[in-house]
Structure formats: structure tokens, C-alpha cells
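The values are calculated or read from the model by the stated rules, or taken from the named source; none is laboratory data. Treat the numbers as computed from the prediction; the structure is a model and nothing was measured. Positions of Cβ are backbone-derived with ideal geometry, glycine not excepted, and every protein chain shown enters the neighbour counts. Surface accessibility is based on the protein's heavy atoms, side chains included, excluding ligands, DNA and RNA. Shrake-Rupley method; radii C 1.70, N 1.55, O 1.52, S 1.80 Å.
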Amino acid sequence: MKVTVDTDASCDAVQAEIEARAGGNWVDPHNGGIYSVLSSSNGLINTQRTTNQATSVGGTVYTDKQTFELTSTSGGCEIKGCSESQGASFGDFS
């Protein structure tokens with residue numbers, strides 16, 4: 001999946017929010033998925049979400065990886081996001 005979004009927030013603020021959620025104790029509302037930051041540099045963040053083994057179908061762990069590209073605009077920040085399943089994750093109903 002790919003999306004592009006424009007926001008009034010600065011790219012620094014957007015990057016800090018993504019890093020805080022993916023790298024912190026944020027609880028994913030969809031079956032308690034677990035996020036982590038794989039890498040982060042100025043304007044580029046790579047994260048992953050794994051299903052929570054305790055709540056996933058059959059206890060199987062599925063992984064999705066995300067990339068966020070942030071570009072400053074005159075009004076804020078353009079966010080390009082991409083998510084890709086790392087296997088046949090249709091089984092987790094996400």
C-alpha cells in the first residue's frame with residue numbers, strides 16, 4: 001500500500017511522532033500489533049509491525065514493513081508512506 005499526505009506540521013514534528021509511536025510503548029489498536037523502528041535518518045524512517053503472537057490467528061507472527069519519506073513544503077510536510085507484507089499475511093486478517 002502507498003499513500004501521500006500533506007500536513008501543516010513540520011517534518012521534524014512528524015518524524016518525532018512516528019519514532020515515538022513505533023519506538024515506544026504505543027499500543028496498536030488492531031489486535032495489539034508490535035511496532036519497532038528499524039532505521040531513521042533525516043526525513044526517512046523505516047519501521048515494522050509484527051502481529052502479537054498472543055492475539056494473532058493461530059499464534060502465527062506476521063510482519064509488515066513500512067517506509068516513511070518526509071519532504072518539507074511551504075505549508076508543512078509531505079508524507080509518503082509505503083507498507084509491504086513480508087509474506088502471506090492475509091491469514092492475520094489485517
Open item on the list: Here is a check on your reading of the model: is Gly59 at positive phi, loosely packed, with under 12 Cβ neighbours inside 10 Å and over 12 Å from the mean Cα position of the chain (by Cα)?
Closed with: yes
The condition of being modelled with pLDDT of 95 or more and among the acidic types (Asp, Glu) holds, among Glu84, Glu78, only for Glu78
Within the stretch 1-10, the count of residues that are more than 22 Å from Thr63 (Cα to Cα) and either touching a Leu at 6+ places or on another chain (Cβ under 7 Å) or assigned to a loop (DSSP other than H, G, I, E, B) (or both) comes to 3
Of those in the stretch 11-42 that are among the β-branched types (Val, Ile, Thr) and within 30 Å of Gly59 (Cβ to Cβ), the residue surrounded by the most Cβ atoms within 10 Å (Cβ to Cβ) is Ile18
Residues of the stretch 43-56 being open to solvent by less than 60 Å² (accessible area, probe 1.4 Å) and either closer than 13 Å to Cys77 by Cα or part of a strand (DSSP E or B) (or both), in sequence order, are Gly43, Ile45, Asn46, Thr47, Gln48, Arg49, Thr50
Within the stretch 1-41, residues free of Cβ contacts under 8 Å to residues at least 12 places away in the same chain and of a type in the set (S, T, N, Q) come out as Asn25, Ser39, Ser41
Picked from the stretch 62-79 (must be open to solvent by 40 Å² or more (accessible area, probe 1.4 Å) and charged (D, E, K, R)), the residue farthest from Thr4 (Cα to Cα) is Lys65
(Q) Kindly evaluate Asp6 against the criterion of being touching a Cys at 6+ places or on another chain (Cβ under 8 Å) and acidic (Asp, Glu). (A) yes
